[in-house]
1. Report B:H77's accessible area, 1.4 Å probe, all protein chains in place, as a number in Å² to the nearest 10.
2. If amide H atoms are built 1.01 Å from N in the plane of the peptide, which residues on other chains or at least 5 residues away come under 5 Å of the amide H of A:Q54?
3. Relative contact order (percent) for chain B, with alpha-carbon contacts under 8 angstrom and 6 or more residues of separation?
4. Less than 20 Å apart at the alpha-carbon level, and either on another chain or at least 8 residues along: which aspartates and glutamates does that give for A:K13?
5. Tell me, what is the percent relative contact order of chain A, built from C-alpha pairs under 8 Å that lie six or more residues apart?
6. Amide H neighbours of B:K3 under 5 Å, at least 5 residues apart or on other chains, H built in the peptide plane: list them.
7. Largest first, please: the extent of the C-alpha atoms of the protein assembly as shown along each principal axis, to the nearest Å.
8. Jot down the per residue volume, in cubic angstrom and as a whole number, of the convex hull over the alpha-carbon atoms of chain B.
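The values are calculated or read from the model by the stated rules, or taken from the named source; none is laboratory data. Predicted, not measured: the structure shown is a model, and the values here were computed from it. Cβ sites come from the backbone with ideal geometry, for glycine too, and all protein chains shown count toward neighbours. Please note that ligands, DNA and RNA were not included when accessible areas were found on the heavy atoms of the full protein model with its side chains. Shrake-Rupley method; radii C 1.70, N 1.55, O 1.52, S 1.80 Å.
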Amino acid sequence: KAGVTQTPRYLIKTRGQQVTLSCSPISGHRSVSWYQQTPGQGLQFLFEYFSETQRNKGNFPGRFSGRQFSNSRSEMNVSTLELGDSALYLCASSLDGPPLDGYTFGSGTRLTVV
Amino acid sequence: DAKTTQPPSMDCAEGRAANLPCNHSTISGNEYVYWYRQIHSQGPQYIIHGLKNNETNEMASLIITEDRKSSTLILPHATLRDTAVYYCIVGGNTPLVFGKGTRLSVIA
């Protein structure tokens, strides 16, 4: 079966710009979560969407937002980019979310802010 | 913050069993233990999870102590492709919180 697809794989943006990242979950999965990974902070939870509703939110500023569509595809948006937003952004999908089943992660989008 | 403690790194000879320990002394009764691994530059990969009983799948075995305060992930016959960072996570009906994990190096 097809895995979790994230696009684009790589992105270079300038400070102050905004960016939108896309995630297509495994067919039938209703939960989509987003994580940010940096060398200094490791993997940090951004937010989770379930059936088009934000179910959980991590401790990130309001510049980070997301949404989920009726087909479970999800997007996350970062506005007014800062150099510190450079990171690997990972999307993970599951049928219903923890605790009953594990996540399947995509390969990520590597964002570089210059 | 992560609720688990793992050694930062471990080595294992190829073909031998890799036993990765994890302490989670504050685990609650309804929280599961999850293991994921991340091979360089890839997204984390789910390995296994359990609540109380030991679990086994095609990738690994999970041994949880009776008091549930610690667990061990066992890769029965480690290969070079098992070199990765292994994350032990404790969680319930909440987003998974990743700690720093254990960097396992499988040596030929």
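1. Ignoring ligands and nucleic acids, B:H77 comes out at about 130 Å².
2. Answer set, sorted by chain and number: none.
3. 38
4. A:E75, A:E82, A:D85
5. Relative CO of chain A lands at 36 percent.
6. Amide H to amide H, under 5 Å and 5 or more residues apart or across chains, B:K3 pairs with B:V90.
7. 49, 37, 34
8. 94
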